[in-house]
Amino acid sequence: MKKNVTQKLIDSHLVSGKMAPGEEIGLKIDQTLTQDATGTMVMLELEAIGLKKAQTEISAQYIDHNVVQSDFKNPDDHLFLQSACEKFGIWYSRPGNGVSHPVHMENFGVPGKTLLGSDSHTCAAGSMGMLAMGAGGLAVAMAIVGKPFYIKMPKVWGVKLTGSLPDWVSAKDVILEMLRIYDVQGGVGKVIEYYGPGLENLSAMDRHVIANMGAELGATGTVFPSDSETKKFLKLHDRENDWSKLTADNGAEYDEYSEINLSNLEPLIACPSSPGNVVPVSEVAGKEIYQSMVGSSANPGLRDFAITALIVDGKMVHNRVSFDINPSSRQILENLINEGYLQKLVHSGGRIHQAGCNGCIGMGQAPATGKISVRTVPRNFPGRSGTKEDQVYLCSPETAAASALMGVITDPRTLDMDYPKYSEPEKIILNKQMLLAPSKNRENISLIKGPNIKPLPEFDMFPDSIECPVLLKVGDNITTDDILPAGTKVLPFRSNIPEISKFTYYMLDESYYERAFNNRETGSIIVGGDNYGQGSSREHAVLAPRYLGVKVVLVKSFARIHWQNLANFGILPLTFNNPDDYETIDRNDILKIQDVRSVIQNGNKVQIVNQTKNVEYDTGHALSKHQVEMILEGSLINIVKKSQ
């Protein structure tokens, strides 16, 4: 059988199941990635499981999200994570070393390997011929323990690239074009595999930009072949021996096909407040901006900063604009200094921040009320920037730089200058000093826990029957930021579930926490629309509702990672068989499911009675047998504990 790259990656790591779309498969995981917004929970889970040593080839923990140290909470967590890495045999990337995805690509990414990360943008590593997927922290913890990762076999969506990018158009415009056409649900249940002659004109870091935002399409992953561009990248980072060729067989087929001619693309921009709300920059040009931000996991390469620097070279940004530069790694920062690009950015008015996620995750750099911020970040969900009523636009570095100069959203093709010429250097400064290797002497290492670090809550078994109120009804495309916000106010409590739960659904209903806390004993239900739980992989968006007594989430459809997280922690995810039934349910309706344990064990049809309105609903679940077991036992952790 002739295979595409995705099929080769899956087949070489398949430990259970069949490679038929929709079938559950188990995959061996070679590498894991965790970051500090999710990693603290992973380490607490590893402690609860009783792990002695990581069983993966490489596991790495990055400090990139919570680098603002306004009090003791974040630095305490950094010490905890470092001690956990020493205890469990995990690499530790120190605060200020950079964003997990580009740093992992620079130091650990290997073609042909699998990578599972507790961050939805882990898919960025698919840029170098890896099967890289985001997942909830507990799934990553299981991979570190040495267990397979279970997922439904995705369809493989082949996207043929032809042509080459015109001047003033770059890789960000490629993925924005995908989002313009297919929106935020276009990749659900699929791995997107790019192929075709257009690949010759995309560098490894260009591919990273495209693969990173596959998460915004809802895709399981994004895969590029490992070819001469991959080899060039690894050679530049003194890792040429890690390269191997991995391409699709001649005549390999895909489940779905699309084609993009790169030569026909123009500068694009995603308008508030969805990555899928994409239009040509020319359509919104002239809108006054307050902020222009360059740098994130979605545009992390040296080239992205260099092009920005060359555009603003010798000029000053508009006096109304905050020009924020977020280096994606310390290594890139050093090379920006060495090549003279940082001086150009500083001289033009750039505000240089430490290497990390920063404003992308709402950790500082919040825009002014009601003012436009153009950013090269991957997401513009409402309030994610840290300003509740924000207006965030997503764009390329070219558009961000042009807009910073002019003070309004600007099509960079209209600038009175030639497109800067940039060539990748043949040699760069390599900086690995802030990556700490796993400790060889772990026997006497104790976990360092500050006062904000609390143990995981107990997870009770699922009840025989459910009769409880609908405490919240929400619409389509609810994000994990809607369920549990990020930012400087909330994320410092990520290792303290009782405290972080106070912010549950705060963005949608400030009264939810009090109402849910008062219903903890009886339990409650959430009702939602399509694509519920899109966005971040953070399992806190499940742990907090679980702590507050949520038993069931009933929606039209789920985003993949959040659906899996619900099962991992014993919340029953159900979908309407008739989506119109959604309209007949109101907040505070009492819903009842009789003999629910028996029902979900013996089939995938679940009948719900709305006792308030005397109406019955046919619903269903798509859970595998082992997912049903998780829910019945109350969580995957409970199952693992029993097996110890």
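Which order do Thr619, Thr414 fall in if you start with the one that has the fewest other Cβ atoms within 10 Å?
Placing the least packed residue first, the sequence is Thr414, Thr619.
Where Rh denotes the Kirkwood radius from the mean inverse Cα pair distance, what is Rg over Rh for segment 126-217?
1.02
Using a cut-off of 15 Å between beta-carbons, work out the net charge of the residues near Gly535 (Lys and Arg +1, Asp and Glu -1, Gly535 not included).
-4
Apply the a/c threshold of 1.5 to the C-alpha gyration tensor of segment 499-644 and tell me whether it is rounded, prolate or oblate.
Judged from the Cα gyration tensor, segment 499-644 comes out rounded (a/c under 1.5).
Mean separation of Cα pairs under 8 Å and 6+ residues apart, divided by the residue count of segment 82-178: what relative contact order is that in percent?
Normalised by residue count, the contact order of segment 82-178 is 15 percent.
Run down the aspartates and glutamates and flag those whose C-alpha is under 16 Å from the C-alpha of Lys642, throwing out any fewer than 8 positions away in its chain.
Straight-line reach from Lys642, under 16 Å: Glu45, Glu47, Glu458, Asp460, Glu629, Glu633.
Taking Cα pairs under 8 Å and at least six residues apart, what relative contact order does the chain come out at, in percent?
Contact order relative to length: 14 percent.
Say a paramagnetic label sat at a point 7 Å from the Cα of Glu443, along Cα to Cβ; which residues of segment 79-106 have their backbone N under 18 Å from it?
Backbone N within reach: 86-89.
Ala219's amide H: which non-local residues (gap 5+, or another chain) put their own amide H closer than 5 Å, with H modeled 1.01 Å from N in plane and none for Pro or chain starts?
Counting only residues 5 or more places away or on other chains, the set is Gly187.
Rounded to the nearest 500, what is the chain's calculated 222 nm mean residue ellipticity when only DSSP H runs of at least 4 contribute -39500 (n - 2.57) each, over all residues?
Roughly -8000 deg cm²/dmol at 222 nm, from the helical runs in the chain.
Determine the sum of side-chain charges near Gly136: Lys and Arg each +1, Asp and Glu each -1, restricted to other residues whose C-beta is under 11 angstrom from that of Gly136.
Spelling it out: positives minus negatives among the neighbours equals -1.
In whole Å, what is the distance between the alpha-carbon centres of segment 535-584 and segment 474-528?
About 13 Å separates the Cα centre of segment 535-584 from the one of segment 474-528.
Which of the trypsin sites (Lys or Arg not before Pro) found in segment 62-129 are in a DSSP loop and have at most 14 neighbouring Cβ atoms, other than their own, within 10 Å?
Qualifying residues, ordered by number: none.
Which percent, nearest 5, of DSSP beta bridges in segment 268-414 are antiparallel?
Rounded to the nearest five, the antiparallel share is 25 percent.
Enumerate the aspartates and glutamates that Lys344 could reach by cross-link, defined here as Cα to Cα under 20 Å, with residues fewer than 8 away along the same chain left out.
Counting by Cα, and skipping residues close in sequence, Lys344 has these aspartates and glutamates nearby: Asp304, Asp313, Asp324, Glu334, Glu398, Asp416, Asp418, Glu424.
Would you please put 223-234, 204-215, 263-274 in order of how densely packed they are, using the mean number of other Cβ atoms within 10 angstrom per residue and starting with the highest?
204-215, 223-234, 263-274
Compute the normalised compactness of segment 268-414: alpha-carbon radius of gyration over 2.2 N^0.38 Å, N being the residue count.
Cα-based Rg divided by the globular estimate yields 0.93.
Using Cα positions and a limit of under 14 Å, work out the aspartates and glutamates in reach of Lys2, with same-chain residues fewer than 8 apart set aside.
Asp11, Asp249, Glu253, Asp255
Report the Stokes-Einstein translational diffusion coefficient (µm² s⁻¹, integer) for segment 172-305, Rh taken as the Kirkwood radius over Cα pairs, at 25 °C with viscosity 0.890 mPa s.
Estimated diffusion coefficient is 150 µm²/s.
By average Cβ neighbour count within 10 Å, what is the ranking of 497-507, 434-444 from highest down?
Descending packing order for the listed peptides: 497-507, 434-444.
Can you find, among Ala219, Tyr422, Leu79, the residue farthest towards the positive end of the dipole of the chain? Put +1 on the C-beta of Lys and Arg, -1 on that of Asp and Glu.
So the residue furthest toward the plus end is Leu79.
Would segment 236-340 count as rounded, prolate or oblate if I go by the C-alpha gyration tensor, calling it rounded below 1.5 in a/c and otherwise prolate when a/b exceeds b/c, oblate otherwise?
Oblate, since a/c reaches 1.5 and b/c is not below a/b.
Could you let me know the centre-to-centre spacing of segment 120-140 and segment 412-428, using Cα atoms, in angstrom?
Rounded to whole Å, the Cα centres lie 31 Å apart.
Restricting to DSSP loop positions (anything but H, G, I, E, B) with no more than 14 other Cβ atoms inside 10 Å of their own Cβ, which trypsin sites (Lys or Arg not before Pro) remain in segment 553-607?
Answer by residue number: Arg587.
How much net charge surrounds Ala37 when only the other residues with a Cβ under 11 Å from the Cβ of Ala37 are counted, with Lys and Arg +1 and Asp and Glu -1?
-3
Please tell me the relative contact order of segment 466-643 in percent, rounded to the nearest whole number, where contacts are Cα pairs under 8 Å and at least six residues apart.
Contact order relative to length: 23 percent.
If I model a spin label at Asp418 and His347 as a point 7 Å from the Cα along the Cα→Cβ vector, what separation in nanometres do I get?
Once both label points are built, they end up 1.9 nm from each other.
Within segment 200-225, whose backbone N sits under 15 Å from a point 7 Å along Cα→Cβ of Lys2?
What the label zone holds, given the 15 Å backbone N cut-off, is no residue at all.
Treating only the Cβ of Lys, Arg, Asp and Glu as charged (+1, +1, -1, -1), what charge dipole size does the chain show about its Cα centre? Round to the nearest 20 debye.
It comes to approximately 1360 debye.
Using θ = phi - 60° and the Karplus relation 6.51 cos²θ - 1.76 cosθ + 1.60, list the HN-Hα couplings for segment 9-24 in order, rounded to whole Hz, with x at every Gly or Pro.
5, 5, 4, 6, 10, 6, 10, 7, x, 10, 7, 10, x, x, 7, 6
Rounded to the nearest 0.05, what FRET efficiency do Ile639 and Lys454 have when you use their Cβ-Cβ distance and R0 = 25 Å?
E(calc), rounded to 0.05, equals 0.65.
Which one of Cys360, Val317, Tyr341 has its Cα pushed farthest toward the positive end of the charge dipole of segment 272-374, where Lys and Arg give +1 and Asp and Glu give -1 at the Cβ?
Val317
Readers should treat all values here as calculations from the given coordinates under stated rules, not as data from a laboratory. These figures come from a predicted structure and were not determined experimentally. Here Cβ is always computed from backbone atoms with ideal geometry, including for glycine, and neighbour counts include all displayed protein chains.
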